[in-house]
Amino acid sequence: MEGTEIYGRRACQLVKELACAEPGQLTRFNDDLFNQVIKECTVHYSQFYELTRKMQEEGLDVQSARNADHFGMLIHHLSLLRNKRCLMAYVHKRSEVIQNLSWKVGRVLPEEIENKLSDPEKRYFKSHSSALQSYMRGMDGLDLTVDMVPPKDPYIKVRVLDDIGVTAMGDRDTNLARHSIHFLKRSDAEHYMFQGMMEELLG
Amino acid sequence: MAGQSDPQSSVFSAAEMEFLAEDEIIEVVPNMRMEPLNLISGDYGPFRPQIAAQVPLWLAVALKKRGKCTIRPPEWMSIESLTQVLESERDSPKEFQPLPFHYVEISRLLFDHARDDIPDIYMVRSLIEDIRDVRFHKVESGLETISARTHAVKLKNLSAMEVNIVRPFVVRTLQSFYKHDSPEMIQQPVQMSTSRPQATDRGPRRDLRRR
Amino acid sequence: MASYYDIDDILAEEEFIPVVFQKAATGVGLLDPSSETNNIEQGAKVELPFWLAHELHTRQAVVMSIPSCFNQMTKKEIQADPGSVDLRNRCQYFYELGCKLAPMVSDRTIGSFLLYAFKNRYKEVLSKAHTSTFIASTKPLTLLTKEETHLCDAAQSSMAAFKKWRIGGSRFERPAVLGKKRKPSDE
Amino acid sequence: MANESGFSMEEFESLMATSDVELLKRAWRNEKSAPEILQFQASLVQRSREQIQLMEGTIEEITRNGFDPLIVSVYQMDMDRAQYMLRSYLRTRLQKIEKDMIHISKTDLWNRLSKEEQSFSKRCYENMKSYLDESVLSKLPSGYQSDLKQSNASEEDDMVPESNLETFVFCKSESSIGAIPLDDSADEIVDLVAGDLYVLRYKSIKPFVENGKIDLV
């Protein structure tokens with residue numbers, strides 16, 4: 001094993017990264033540390049295996065013998081379980097954020113988020129979004145990704161914050177140029193507002 | 001939300017509480033004529049000029065915004081009754097006065113959209129703020145009295161928004177006391193109990209109006 | 001039992017516990033910095049993370065003793081002035097770890113000590129978490145354990161959400177996961 | 001609906017007098033507040049969707065016929081409110097499924113899902129499983145690759161997250177129910193006063209939430 005890190009320490013570091021992140025936010029997938037922990041698992045396993053072999057060679061019953069080798073094996077086994085738990089918690093927590101994304105951004109990931117994801121995570125996002133899409137198709141196309149906040153008036157006044165360009169709004173094209181002000185259907189504007197590309201003008 | 005392990009603790013947003021409050025019925029006086037509305041949420045109207053009609057608050061606000069009616073502030077929002085509520089709130093340090101479950105949301109909606117329909121609006125607003133402050137102060141002192149495992153807390157006359165504000169904290173607090181003050185955790189010391197702090201003295205269990 | 005995936009539970013189990021090995025163990029010398037071989041001898045005194053100490057304890061391979069955050073000194077300090085003891089510095093997961101240790105160690109007063117600490121810190125500090133004076137002063141927060149911090153955060157974030165609602169403003173918030181967006185006017 | 005069978009005639013009548021939006025609102029609040037997934041309100045959802053569709057038709061018609069824009073927008077707002085509750089109700093359920101899909105699929109909770117929710121749950125699990133396999137499990141030594149058991153040595157599925165039924169909830173009951181035991185030993189009981197608000201452990205009132213006698217708020 002590299003260095004003299006005590007068992008499970010790196011794995012715990014990985015979990016601490018999650019704990020320190022702003023709630024609901026995503027940091028870049030830590031490939032480097034993640035792979036070191038995977039490697040640590042392999043090392044534990046080979047040492048576990050070596051001790052098993054040694055006991056067998058000595059004619060001991062691996063199941064029942066309680067010698068120093070047995071306790072060595074036990075410690076490697078437990079360390080492996082611990083590393084697994086930390087790795088799983090790391091990806092599981094991230095999967096929750098990714099699930100959340102499929103509700104919020106539709107089917108295409110913003111680039112700054114995509115850069116933070118591992119390849120399996122990108123695939124997971126796609127497959128989870130499509131599970132959601134297919135549920136909605138099964139409900140005759142009822143869109144569950146809109147109406148995230150309770151409705152007020154059907155039309156709202158918004159100011160455009162980004163150059164969005166000419167976009168189909170209802171049955172006509174509207175030029176959503178930066179700083180322009182429009183009366184839009186709330187449901188048409190909602191996604192833009194969540195992404196910070198428009199703001200609601202009140203009063 | 002802070003409770004990483006417990007996302008359940010905050011279930012409704014303030015906007016959702018407001019949404020629920022918008023279903024409360026209120027009186028409007030239309031200045032136009034409109035046939036009855038057969039809505040999913042119920043039938044309202046007919047609307048005749050100067051004839052009061054009962055509608056849900058969301059509808060009242062929509063009509064008001066379009067200049068089609070005035071809103072009659074509910075009786076409990078009058079200066080007399082608010083003054084009396086405020087006095088009673090101050091006089092009874094533990095009890096909460098009965099107010100509409102959504103009084104915080106309703107009053108805000110009316111202040112925002114029907115200011116010209118509320119006589120002495122500044123006075124009304126400040127009375128409601130004082131009432132809210134006094135009540136919340138009581139909620140806080142109520143919270144201070146939680147000191148042991150509690151199975152049930154009764155919150156007589158607490159309003160929707162007040163509940164919503166304390167909910168995440170209360171749920172977590174009760175859970176912590178439930179865990180720390182459980183028979184599994186509190187074992188009688190078998191030996192040498194004299195040199196230990198008297199932490200096992202749980203005293204008579206009392207808390208916020210426990211039943 | 002806490003969830004397998006619970007981040008706080010995982011981190012609580014990383015806290016170190018002093019143990020004495022009752023059995024020898026081969027191939028794990030890394031655990032004992034003073035060991036010159038790759039083995040641990042019977043009688044070796046080391047500190048192990050709780051997740052390991054606890055499993056070895058239930059198999060009688062080690063005997064655990066109580067970490068210093070539950071010792072007499074801490075008890076006395078908590079008794080004297082519960083609200084101002086810096087528990088975070090002693091053990092971020094004071095309560096969680098204490099609850100795990102209580103049924104396992106010979107000191108049977110840990111459970112009541114935890115309750116005493118929680119009850120009194122709750123009364124003095126935590127129960128005031130909604131008040132504006134509490135929110136304005138950051139000092140108490142630096143002394144709190146993880147669980148206590150969660151409690152205060154719960155109070156403060158719902159209070160903040162209420163105040164935001166009261167002032168009014170856009171109800172369409174950019175989700176946290178998308179990060180903060182610069183307004184084009186700031187460019 | 002299975003959970004409607006236990007009502008007395010009187011209760012049934014009061015239920016009939018309650019509008020579907022009221023019922024939907026109640027279902028929505030309960031679903032949002034309960035730590036576990038509740039019985040899918042199949043016929044209520046069906047009826048609500050029909051009413052919304054009908055309203056959509058009405059709105060189109062009165063728009064075409066040049067009705068007062070005020071009336072059009074009032075109808076639109078009314079429909080939007082129902083639509084919002086329906087969406088939020090369904091959304092809340094899907095989010096619970098996302099969280100506890102394995103536990104739900106292994107227990108009676110499975111029967112509480114609609115057909116569409118069941119296939120969503122299945123797909124969620126397949127996706128989650130391949131994600132976990134690709135990211136972690138396939139890289140671990142054999143014997144440690146399960147997503148349910150920590151290792152081959154585990155006797156039960158010791159990795160599956162479950163909803164916490166011990167959590168406290170805020171609730172109210174419309175009518176008097178009698179004494180409710182609050183813990184297993186029944187040392188503590190509570191007599192809920194109708195209309196008053198209580199904070200209780202979900203577990204102790206679970207059956208009453210399920211049969212509609214207690215509402216979560």
Subject >> Condition check for residue A:68: among the aliphatic types (A, V, I, L, M), assigned by TED's automatic domain parsing to the domain that holds residue A:118, under 24 Å from residue D:159 (Cα atoms) and without any contact (Cβ under 8 Å) to a residue 40 or more places away in the chain >> reply: no
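Conditions (1) surrounded by 13 or more Cβ atoms within 10 Å (Cβ to Cβ); (2) in contact (Cβ under 8 Å) with a residue 12 or more places away in the chain; (3) assigned by TED's automatic domain parsing to the domain that holds residue A:100, marked per residue:
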position	(1), (2), (3)
A:122	yes, yes, yes
A:160	yes, yes, no
A:176	yes, yes, no
A:181	no, yes, no
**OP:** Please work out if residue C:97 is away from chain B (no Cβ under 12 Å), at pLDDT 90 or above and either over 16 Å from the mean Cα position of the chain (by Cα) or crowded, with 17+ Cβ neighbours inside 10 Å (or both).
**Re:** yes
Original post:
For the stretch D:34-49, how many residues meet the condition of being more than 10 Å from chain B (Cβ to nearest Cβ), open to solvent by less than 50 Å² (accessible area, probe 1.4 Å), in a helix (DSSP H, G or I) and touching a helix residue (DSSP H, G or I) at 6+ places or on another chain (Cβ under 8 Å)?
Top reply: 3
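What strands (runs of 3 or more DSSP E) completely inside the stretch D:166-217 contain at least 1 residues that are over 23 Å from residue D:32 (Cα atoms) and open to solvent by 60 Å² or more (accessible area, probe 1.4 Å)?
So the answer is D:179-181, D:189-191.
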**OP:** Would you check if residue D:118 is touching a residue at least 12 places away in the same chain (Cβ under 8 Å) and either facing chain A (nearest Cβ under 8 Å) or open to solvent by 10 Å² or more (accessible area, probe 1.4 Å) (or both)?
**Re:** no
Subject >> Members of the stretch D:124-156 that are within 25 Å of the chain's Cα centre (by Cα) and open to solvent by 50 Å² or more (accessible area, probe 1.4 Å) >> reply: D:125, D:126, D:129
Subject >> Test for residue C:153: is it assigned to a helix (DSSP H, G or I) and more than 16 Å from residue B:178 (Cα to Cα) >> reply: yes
Original post:
How many residues are assigned to a loop (DSSP other than H, G, I, E, B) and closer than 15 Å to residue C:16 by Cβ if we restrict to the stretch C:85-103?
Top reply: 3
**OP:** Please indicate, with yes or no, whether at least one residue in the stretch A:57-76 is in a helix (DSSP H, G or I), within 30 Å of residue D:91 (Cα to Cα), open to solvent by less than 30 Å² (accessible area, probe 1.4 Å) and not aliphatic (A, V, I, L, M).
**Re:** no
Original post:
How many residues, within the stretch C:75-94, are within 9 Å of another protein chain (Cβ to nearest Cβ) and open to solvent by 10 Å² or more (accessible area, probe 1.4 Å)?
Top reply: 2
Subject >> From D:61, D:117, residue being among the charged types (D, E, K, R), in a helix (DSSP H, G or I) and under 23 Å from residue B:40 (Cβ atoms) >> reply: D:61
Original post:
Between residues in the stretch A:185-201 that are in contact (Cβ under 8 Å) with a residue 12 or more places away in the chain and within 7 Å of another protein chain (Cβ to nearest Cβ) and residues that are in a helix (DSSP H, G or I) and buried (at least 20 other Cβ atoms within 10 Å of the Cβ), which pairs lie under 8 Å by C-beta distance while being six or more apart or on different chains?
Top reply: A:199/A:193; A:200/A:189; A:200/A:193
Original post:
Would a scan of the stretch A:15-24 turn up a residue that is assigned to a helix (DSSP H, G or I), touching a residue at least 12 places away in the same chain (Cβ under 8 Å) and more than 7 Å from chain C (Cβ to nearest Cβ)?
Top reply: yes
Original post:
Take the residues of the stretch C:100-142 that are touching a residue at least 40 places away in the same chain (Cβ under 8 Å) and more than 20 Å from residue B:180 (Cα to Cα): which is least open to solvent (accessible area, probe 1.4 Å)?
Top reply: C:140
Subject >> Whichever residue in the stretch C:52-74 is in a helix (DSSP H, G or I) and surrounded by fewer than 18 Cβ atoms within 10 Å (Cβ to Cβ) and, among such residues, is nearest to the other protein chains (Cβ to nearest Cβ) >> reply: C:72
Original post:
touching a residue at least 60 places away in the same chain (Cβ under 8 Å), part of a helix (DSSP H, G or I) and more than 8 Å from every other protein chain (Cβ to nearest Cβ), is that true of residue A:94?
Top reply: yes
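For every residue, the table says whether it meets (1) open to solvent by 10 Å² or more (accessible area, probe 1.4 Å); (2) within 19 Å of residue A:132 (Cα to Cα); (3) of a type in the set (Ser, Thr, Tyr); (4) touching a residue at least 40 places away in the same chain (Cβ under 8 Å).
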site: D:22; (1), (2), (3), (4): yes, no, no, no
site: D:32; (1), (2), (3), (4): yes, no, no, yes
site: D:51; (1), (2), (3), (4): yes, no, no, no
site: D:54; (1), (2), (3), (4): yes, no, no, no
site: D:60; (1), (2), (3), (4): yes, no, no, no
site: D:71; (1), (2), (3), (4): yes, no, no, no
site: D:85; (1), (2), (3), (4): no, yes, no, yes
site: D:98; (1), (2), (3), (4): yes, yes, no, no
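Is it the case that residue C:14 is open to solvent by 10 Å² or more (accessible area, probe 1.4 Å) and within 23 Å of residue A:91 (Cβ to Cβ)?
In short, yes.
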**OP:** Would you point out the residue of the stretch A:183-203, among those that are of a type in the set (A, V, I, L, M) and not in a helix (DSSP H, G or I), that is surrounded by the fewest Cβ atoms within 10 Å (Cβ to Cβ)?
**Re:** A:202
**OP:** Counting only residues that are surrounded by fewer than 18 Cβ atoms within 10 Å (Cβ to Cβ), give me the helices (runs of 4 or more DSSP H) lying completely in the stretch B:1-118 with at least 2 of them.
**Re:** B:79-91, B:103-113
**OP:** Could you please find all residues in the stretch A:25-35 being open to solvent by 50 Å² or more (accessible area, probe 1.4 Å), more than 16 Å from residue D:132 (Cα to Cα) and part of a helix (DSSP H, G or I)?
**Re:** A:32
Subject >> Verdict on residue C:48 being in a helix (DSSP H, G or I), not basic (Lys, Arg) and not assigned by TED's automatic domain parsing to the domain that holds residue C:97 >> reply: no
Original post:
Which one of the conditions (1) within 23 Å of residue C:104 (Cα to Cα); (2) under 17 Å from the mean Cα position of the chain (by Cα); (3) part of a helix (DSSP H, G or I) does residue C:3 fail to meet, given that it meets all the rest?
Top reply: (3)
Original post:
Does the stretch C:124-136 contain any residue that is modelled with pLDDT of 90 or more, within 7 Å of chain B (Cβ to nearest Cβ) and not in a helix (DSSP H, G or I)?
Top reply: yes
Original post:
Could we say that residue D:131 is aromatic (Phe, Trp, Tyr), assigned to a helix (DSSP H, G or I) and under 16 Å from residue A:88 (Cβ atoms) here?
Top reply: yes
Subject >> Selected residue (criterion: nearest to the other protein chains (Cβ to nearest Cβ)) from residues of the stretch A:124-145 that are farther than 18 Å from residue A:98 by Cα and either open to solvent by less than 50 Å² (accessible area, probe 1.4 Å) or part of a helix (DSSP H, G or I) (or both) >> reply: A:138
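The values are calculated or read from the model by the stated rules, or taken from the named source; none is laboratory data. These numbers come from a predicted model, not from an experiment. Every residue, glycine among them, receives a Cβ derived from its backbone with ideal geometry; neighbour counts consider all protein chains shown. These accessible areas exclude ligands, DNA and RNA; they are computed on the full protein's heavy atoms, side chains included. Shrake-Rupley method; radii C 1.70, N 1.55, O 1.52, S 1.80 Å.
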